[in-house]
Structure formats: structure tokens, C-alpha cells
1. How big is the charge dipole of the range 20-70 about its Cα centre, in debye rounded to the nearest 20, if each Lys and Arg gets +1 on its Cβ and each Asp and Glu gets -1 on its Cβ?
2. Strictly over 22 Å apart at the Cα level, which of Lys84/Lys138; Lys28/Lys154; Lys99/Lys129; Lys59/Lys84; Lys84/Lys129 would you flag in this model?
3. So which trypsin sites (Lys or Arg not before Pro) in the range 136-174 pass both tests, a DSSP loop state and at most 10 other Cβ atoms within 10 Å of the Cβ?
4. Can you compute the FRET efficiency between Phe95 and Glu133 using 1/(1 + (r/R0)^6), with r the Cβ-Cβ distance and R0 = 30 Å? Round to the nearest 0.05.
5. Calculate, in nm to one decimal, what Glu24 and Asp50 gain on full extension: separation in residues at 0.36 nm each, minus their alpha carbon distance.
6. Using r as the Cβ-Cβ distance of Trp115 and Gln76, and R0 as 30 Å, what FRET efficiency do you calculate, to the nearest 0.05?
Amino acid sequence: MKWMVLTALVALVVGGCSPGKTYERRLKRELASGVRYDSLFMGISFGMTDEAFYKHCWKLNKDSLIRQGTSNMSVQYDIEEELKHPATMNFYPLFDSGKIVEMPVRFSYNGWAPWNKELSAEQLAEDVKNWYEDIYGKGFITIVHPIKGTAYTKIDGNRRITIYHEGDLQVWAIFTDMLSGVEKDSLSAAYQN
């Protein structure tokens, strides 16, 4: 009898502390706080209109801070000092009703090669997480997504940041306004498992 009670207690503690439960509790707490964190990076924010985004990027480009990205379908920022190794960051927002509601950001180390494990996407994901902790604060939790694998996520008010690697080369950081109602990735449902 004592063995069964101990087993049930351990199962309750482990189940209550799973990454999915931690994520769900944090999401509810942050959304209930009523606090908005709309700032993303480089002066770009949730709610920025498409026209304001294009004008802002035009100015950043004119100041030689960014340039046209992959196939002229994104904005490219060359990372020289922020990460352990030089990298490239490409981004382009998702607009809903003409306003930014999500910002997918793709990273890759410039010197990546299949045989160079130091420049693998797995290392880059950890590097991006550490950089983002310096900018957005500590508090990323690790979850295991059934399709994406290991991911790091942080929720502050309405802003969720999710970092995961795709293959050996690329890392994604997805900024989502959780109050926008737009969920283009399937990560939220997976966090709850």
C-alpha cells in the first residue's frame, strides 16, 4: 500500500511539472497579466502597419544596417558580434489586417559545413537562445515538439518567442503576438502535450 501511494505521489509531481504543464501555466499567467510586450527588434514591433514596416526597413537599408534577403523575399541582417560566430538573420513579418502579428526569423552560421559540428544548427539554437536571454531576459523553457524536436520558448505578456532548429543548417525564432488570434505554427498545441 505504501509503495502505491508513493508511486501515485511521484506520478502527480512529475505530471504537474512537465514542460507542457509549465508552458500552459505560464501562458495563462502571462495573458492574464494584461501586460503587452510589442517590441521585437531593430525598432520593429507588433501592430506596426505594413506601410510603416516598409518605410522603417527602407531607412535601415539606407543606413546600411540591413539589406534585401534571400530571393528578395526577406530582410537580411548580418550578425558579426552578437553570436559566437558570424551569422545571417533573415526575417519577414506575417501581417493580419495590415499589422504585424508574427515575425519568423531564420538564422544560419555563415561558415556552416556538414562536418563542422561547432557551427551546427543545434549549437546555433543554443547561441540564439543565449543572445535572446540578454535582450529579452531569462526564462526560456525547453520543450520537445513531436515534429520540430527540442525547442526553447519564452512568454512575456502577449509576446511568445520560440526557437528551434530545422535540419543541420537553420534555426528559427518565431515571435508571436498571442493576443492576435493568429497561430500559424503548430507549436502551441504541441506544448500542451
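1. Value, rounded to 20: 260 debye.
2. On the way: Lys84/Lys138 19 Å; Lys28/Lys154 13 Å; Lys99/Lys129 26 Å; Lys59/Lys84 28 Å; Lys84/Lys129 12 Å.
Violating the 22 Å limit, Cα to Cα: Lys99/Lys129; Lys59/Lys84.
3. Lys138
4. The calculated FRET efficiency here is 0.60.
5. Gain on extension, Glu24 to Asp50, equals 6.2 nm.
6. The computed FRET efficiency comes out at 0.70.
Taken together, the values in this text are just the output of simple stated rules run on the coordinates, not laboratory data. What you see is a predicted model; the values in this text were computed from it and never measured. We place every Cβ from the backbone using ideal geometry, glycine too, and count neighbours over all the protein chains shown.
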